[in-house]
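The values are calculated or read from the model by the stated rules, or taken from the named source; none is laboratory data. Here the structure is a predicted model, which means the values were calculated and not measured. Neighbour counts are summed over all protein chains in view; Cβ atoms, including those assigned to glycine, are modelled from backbone coordinates with ideal geometry. The protein model used for the area step is the full one, side chains on, heavy atoms only, and it has no ligands, DNA or RNA in it. Shrake-Rupley method; radii C 1.70, N 1.55, O 1.52, S 1.80 Å.
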Amino acid sequence: MTTTDYDPNVVLSTENDFKVVGTRPVRHDGVDKVTGRAIYGADYDASGLLHGKILRSPHAHAKIISIDTSKAEALDGVHAVVTAADFPEAADKIMELGEDETKLRDLRGNILARDKVLYVGHAIAGIAATNAHVAEEALSLIEVEFEVLPSVMTTDEAMADGAPILHEDQTTEELGDDSGVVSNVAKHFQHIKGDIAEGFKQADVIVEREYNTVTVHQGYIAPHNGTAFWSADGRLHIWCETQGSFVVRDSLADLLDMPVSMIRVTPTEIGGGFGGKIPIYVEPVAALLSKKTGTPVKIVMTRKETFEGSGPTPGSKIKIKVGATKEGKITAAHAWMAMEAGAYAGSPVGAAAQCVFAAYDLENGLIDGFDVVVNKPKTAAYRAPGSPNAAFGFEQALNELAEKLGMDPIDLRLKNVATEGTRRVDGPVFQRIGAKEVLESMREHAHYLSEKQEGSGRGVAIGFWFNIGFDSACNIALNKDGTVNLTEGSTDVGGSRTSIAMQAAEVLGISAEDVRPSVVDTDTIGFTAVTGGSRTTFATGWAAYEAAQDVKKQCITRAASIWDVDPDHLQMEDGIISSKTDSELKMTIKELAAQLSDTGGGITGRASVKPRGVGGSFCGNIVDLSIDQETGKITIDRFTAIQDAGKALHPSYVEGQMQGGSVQGIGWELNEEYFMSDEGKMNNTSLLDYRMPTALDLPMIDTVIVEVANPGHPFGVRGIGEANIVPPTPAIANAVYDSCGSRITQLPMSPGSILEALKS
Amino acid sequence: MTTKTHVQTTINGEPVDFLCEPRQSLLECLRDVIGLTGTKEGCGDGNCGACTVNIDGRIVTSCLVLGVEAQGASIETIEGVADGTNLHPIQLAFLEGAALQCGICTPGFIIATKALLEKNPDPTEHEIRFWLANNLCRCTGYDKIVRAVQDAAKRMQEA
C-alpha cells in the first residue's frame, strides 16, 4: 500500500448500528469477472448466429435520394439487408427512456435514417452475413445517392439567423408555448426566482463570463452490441449490454409496433455505460435482420462506430453572471446555457438547469436553457448529464468572486450554502442534504490544510446531482439451508448486485454471502427502470429491503404457526426468530428454512417500489496541479474527492464511483474532445487520438465519504454514481488559475491552450 | 471462401489447433474460433489493452496479432491464470480490493499485471502505472487497481 501521513480513504459515519450495511464483502459476480467467465454482450453466441454490420453516413447533413442494396444482397454469404423502410409506420408519440424522453419518430430516425442523414455516422442500412468480414465487404456494395446539405456543428452556428435547418418541421418551444418559428432551437425555457435585476443592484462585486465545452464521450470500454432472435412464434428475444433491459424492451415494442409481452430482453454483463447504454442503437437493426432471416443476428459496433454512432455528451456555451455583497452574500445569479442536443432534440440542458445553482441558497436567480440541434450524433446521458458543463462555468465564477472579495473560496461557498428547506431556483425545496457537511469536510481536510508544493496551483469546486427514484422490483426466495436467492432487474455496472443484496441481508439478519443475487431478464422480474440517475442502490435496494421485510414477516408467521402462538408475540432479529414473552421459543432462520416444506411450503418475498424520497448528492474536490512551462502539460499532483453518500452501503464501491467519476472529469478537463473537421467528421475516432486518462496520467484519488443520511431511504442511501464527475472540471480550472493567473474558459485544457494562456 | 490456414499453438498449457483466415486477428481466433471469450475487444486497434494476452513471455494486444502468427507460440489468456479452483493471488487482490467495476478491462489488467510481477516482484507505484499505461479502465480511476497490484505483489512474495 502507498504510505501517506493521513488516511487516503475516510468514511465519516454518523450511523453504524448495522451488521452488513457499511461493510465491504467481496462482490457476488467477482470471481466470474476475474476469471474471464462473465458473459458480456459481445461474448454471447447462439446456434446459427449471423453477424450484422451497419452502413453509416459519410456526410454530416444530406438528403437520401436513393438506396440500392441489390449488389450487397447478391454477395455470397449475405443473408439480409434492411433499411428504414423495414420499420412499421407507427404514430408518433413521446417515449420515456428512463433518464430522458424522446419522440418515437426521432428514435426511429436515429436507428436507421429515412429521408435525411443528420450526422457523420448516422446509420442507413444493416446487413446480416455469415461473418462480420463478409458483412463489412457487403457494406461497400450498397449504393446510396446523397444530396449534400450545409451543416451546423455548434450552438452558435445552429442558432444563427439563416442557419441550415435540420428538421423543417421543428418549431421552437418558447417558454412553454409553440412559437411556430422553424428553428434548430427545439426549446427555450426559464427558471426564475426573485428578481435578478434587483439582486444585481445590491451587489458590490459582479463576475460575468462565458464558458465553452466541446463534445466528449462516455468512453465505456465495451462498444455497443446486441443479438436478436425473432422466433417463428413471433416472439423476439434480445441479448445485449444495456443499462435498462425494460427500456430496450419498451423501445423495441414501440419501434416494431408489437406488444411488450412478445419481447424478452436478457441483459448480459455490461462493459461500462455511464448513461451511454440507456438508448438503443443496434438492437432494432439486429431484430429486423433476424425477422428477415429467421436466425439470430449479432451486431457489435467498432470503436469508430461507438464514437460516431452512439450518443456522446454535448458541447455547450454557458454564460454566467453572479454578484455578491462585500460580505460575500450572493445577491443574484444568472446562468444562460445552450447545449447541443445532436441530431435530435433532447440535450441535458434541463438537467443542467436543475444543478447549476443547486448548492447555493439564492434569493434571486434566473436560468435560461436552450436545447439546440446540430449535425452531430444525438447526445445521450453521461454521468450527471449537463451538470459538469454548468459547473465548469458557475464554480469558476464563484472562485473569481471569492478572489475579488478577498475570501477563501470554501468560505464563500459555505456562506451561501443550500441546506434543508432551501428552495432551488428551479423550484424544488431541499430535504436534508449534505452540501454544508461536504464543504466543511473539504475545509478541514489534510489536503486543504497542507502547504502547496512550490509552483503548483490549488483549486476547489463542488458539484451536484439530484438523483432519481423510479420503478424497481425484487423477488427473494428462502432456500432450505437458510440462504436466499434474490432476483432483480437492474444491470450491474459496478457492484450493485452486492449493494442490493446487502440491504436484504441486513433486514434478514444473514450475511451478504448468504444472499445470492441475480440480474434477470424482462420475462422474469417486474418492471425495473434503468441503471442510471444514481438510482440502483437507492431504489432497487429499497425493493430488496421491502422484499426482505416480506420474507421476514412470513418467517414470523410460519414460526408462529409451528409454535402455535400469536405472531404478534414474535420478533426476528439478527436472523433469529424468538418470542417476546417466552424465552424458550427461539429458532434461527436456517432452522426454520430446513422445515419449510413440512410446515406449509416455501417462502418467497416480493416487492415492486417507486420510492419518492430521493436524496441528491454533493461532491467536492481539492486539486493540486503543476504546469510544465515549456510544453503546457498539466500534471495532477494530488486529488481529493469528498462526497455525501447518505449511507455508504459498500464503502469500497462508493470510493470506486468517486474515483472513477473524478478521473472521467479529469479526462474531460485535460484531454478529451471530438476533433471535428469542417465537414463535420470526427477526426480522432481511435482511443489513441481520443485520449482518455491512463494509469500513468494520474495520482491516487483520495476520498472522503461524508454520511448525511437521506431521510427518504430506510438505510439513508442517496446514490453516489454521478455527482463526483461534476467538480473536477471547475476545480482543475481554478487550480490552473491559481498556478498561472489565467482563466481558461474553453475545454479541454490541452497543452496547446495552456501554452497560449501562459504567453498572454 | 478464403482458404484457411492450420495453426498449431499451445494455449494455457494445452495444445490447440485451429483454422483461420489470413485476415483474422488472434483476438478473433481466440474468441470466435476457439471460444475463449475471456479476452475482450474494446477498440480493435491496440489502444485499450482489453485483449491483452501473453505470447511466449511477452504481453501483446491480441487484436494486433494475426491468428496465423500464433503458429508455434505459447499463449496465456485469462482462462489460464487460476490454478483450477484456486484463484491466482492477483485475482484475489483484484476481488478483495474492489479493483473492478464493470469488469470488461479486468482480464487484460490481470494478464498485464502477472507479466509485471513475474519480471519485477516489488514494483513502485510509478512502475505499476507505467507498466499498465496501455490498459484503459474507464470505471475505477485506477486507484484501486494500483493498490490491488501492490497487494498482489505482497501476497506473491509471502507465498
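Worth pointing out:
- Screening A:Thr14 with (1) of a type outside the set (Lys, Arg); (2) in contact (Cβ under 8 Å) with a residue 12 or more places away in the chain; (3) crowded, with 16+ Cβ neighbours inside 10 Å; (4) not assigned by TED's automatic domain parsing to the domain that holds A:Ala128 gives one miss only, at (3).
- Residue match in the stretch B:46-62 (condition: of a type outside the set (A, V, I, L, M), more than 21 Å from B:Leu116 (Cβ to Cβ) and surrounded by 15 or more Cβ atoms within 10 Å (Cβ to Cβ)): no
- Elements of the type strands (runs of 3 or more DSSP E) sitting completely within the stretch A:1-94 and holding at least 3 residues that are more than 30 Å from A:Glu573 (Cα to Cα): these cover A:50-56, A:62-68, A:78-83.
- Filtered residue count, the stretch A:43-70, keeping only those that are out of contact with any strand residue (DSSP E or B) (no Cβ under 7 Å at 6 or more places or on another chain), at negative phi, open to solvent by 20 Å² or more (accessible area, probe 1.4 Å) and away from chain B (no Cβ under 14 Å): 2
- Test: residue in the stretch B:104-119 that is open to solvent by less than 30 Å² (accessible area, probe 1.4 Å), among the aromatic types (Phe, Trp, Tyr) and without any contact (Cβ under 8 Å) to a residue 60 or more places away in the chain: no
- Summed over the stretch A:71-101, residues that are at pLDDT below 95 and open to solvent by less than 20 Å² (accessible area, probe 1.4 Å) total 4.
- Total residues in the stretch B:78-87, condition within 10 Å of another protein chain (Cβ to nearest Cβ), closer than 24 Å to B:Lys144 by Cα and surrounded by fewer than 24 Cβ atoms within 10 Å (Cβ to Cβ): 5
- Residue within the stretch A:673-681 that is free of Cβ contacts under 8 Å to residues at least 40 places away in the same chain and open to solvent by less than 10 Å² (accessible area, probe 1.4 Å) present: no
- Taken over the stretch B:19-45, the criterion of being more than 10 Å from chain A (Cβ to nearest Cβ) and either open to solvent by less than 10 Å² (accessible area, probe 1.4 Å) or under 17 Å from A:His224 (Cα atoms) (or both) is satisfied by B:Cys20, B:Leu26, B:Leu27, B:Cys29, B:Leu30.
- Which numbered condition A:Val493 fails, given (1) of a type in the set (A, V, I, L, M, F, W, C); (2) open to solvent by less than 10 Å² (accessible area, probe 1.4 Å); (3) within 14 Å of another protein chain (Cβ to nearest Cβ): (2)
- Contacts under 7 angstrom Cβ, first residue in the stretch A:519-531 being assigned by TED's automatic domain parsing to the domain that holds A:Gly541 and hydroxyl-bearing (Ser, Thr, Tyr), partner part of a strand (DSSP E or B) and open to solvent by 20 Å² or more (accessible area, probe 1.4 Å), 6 or more apart: A:Thr522/A:Arg264; A:Thr524/A:Thr487
- Output for the stretch A:608-623, where each listed residue is part of a strand (DSSP E or B) and closer than 30 Å to A:Met700 by Cβ: A:Ser617, A:Phe618, A:Cys619, A:Gly620, A:Asn621, A:Ile622, A:Val623
- Taking residues in the stretch A:653-665 that are within 14 Å of A:Ile642 (Cα to Cα) and modelled with pLDDT under 95, and partners anywhere that are surrounded by fewer than 24 Cβ atoms within 10 Å (Cβ to Cβ) and of a type outside the set (S, T, N, Q), not one pair has Cβ atoms closer than 9 Å while being at least 6 places apart or on different chains.
- Filter result for the condition that a residue is of a type in the set (Lys, Arg), surrounded by 24 or more Cβ atoms within 10 Å (Cβ to Cβ) and within 10 Å of chain A (Cβ to nearest Cβ), over B:Lys154, B:Lys144: B:Lys144
- When B:Ile111, B:Ile104, B:Ile75, B:Ile90 are screened for being of a type in the set (A, V, I, L, M, F, W, C), under 19 Å from B:Thr10 (Cα atoms) and facing another protein chain (nearest Cβ under 10 Å), only B:Ile111 passes.
- If you go through the stretch A:496-505 and keep only what is in contact with a helix residue (DSSP H, G or I) (Cβ under 8 Å, 6 or more places away or on another chain) and either more than 11 Å from chain B (Cβ to nearest Cβ) or open to solvent by less than 10 Å² (accessible area, probe 1.4 Å) (or both), you end up with A:Thr498, A:Ser499, A:Ile500, A:Ala501, A:Met502, A:Gln503, A:Ala504, A:Ala505.
- Among residues of the stretch A:562-594, those that are open to solvent by 20 Å² or more (accessible area, probe 1.4 Å) and either under 27 Å from A:Ile500 (Cα atoms) or of a type in the set (Phe, Trp, Tyr) (or both), counted: 9
- Given (1) more than 30 Å from A:Ala84 (Cβ to Cβ); (2) among the aromatic types (Phe, Trp, Tyr); (3) in contact with an Asp or Glu (Cβ under 6 Å, 6 or more places away or on another chain), number of the condition A:Tyr40 does not satisfy: (1)
- Restricting the stretch A:23-39 to residues that are of a type in the set (A, V, I, L, M, F, W, C) and in contact with a Gly (Cβ under 9 Å, 6 or more places away or on another chain) leaves a set whose member that is nearest to the other protein chains (Cβ to nearest Cβ) is A:Val34.
- Only residues that are among the charged types (D, E, K, R) and free of Cβ contacts under 8 Å to residues at least 24 places away in the same chain were counted across the stretch B:24-72, and they come to 5.
- Of the residues making up the stretch A:207-238, those that are open to solvent by 40 Å² or more (accessible area, probe 1.4 Å) and under 29 Å from B:Ile104 (Cβ atoms) number 1.
- A:Ile705 being buried (at least 21 other Cβ atoms within 10 Å of the Cβ) and over 18 Å from A:Gly665 (Cα atoms): yes
- Scope the stretch A:533-553; condition open to solvent by 10 Å² or more (accessible area, probe 1.4 Å) and on the phi > 0 side of the Ramachandran plot; matching residues: A:Ser534
- Take the conditions (1) more than 7 Å from every other protein chain (Cβ to nearest Cβ); (2) among the aliphatic types (A, V, I, L, M); (3) open to solvent by less than 60 Å² (accessible area, probe 1.4 Å); B:Leu66 misses just one of them, which is (3).
- Number of positions in the stretch A:71-87 that are within 14 Å of chain B (Cβ to nearest Cβ), of a type in the set (Asp, Glu) and touching a residue at least 60 places away in the same chain (Cβ under 8 Å): 0
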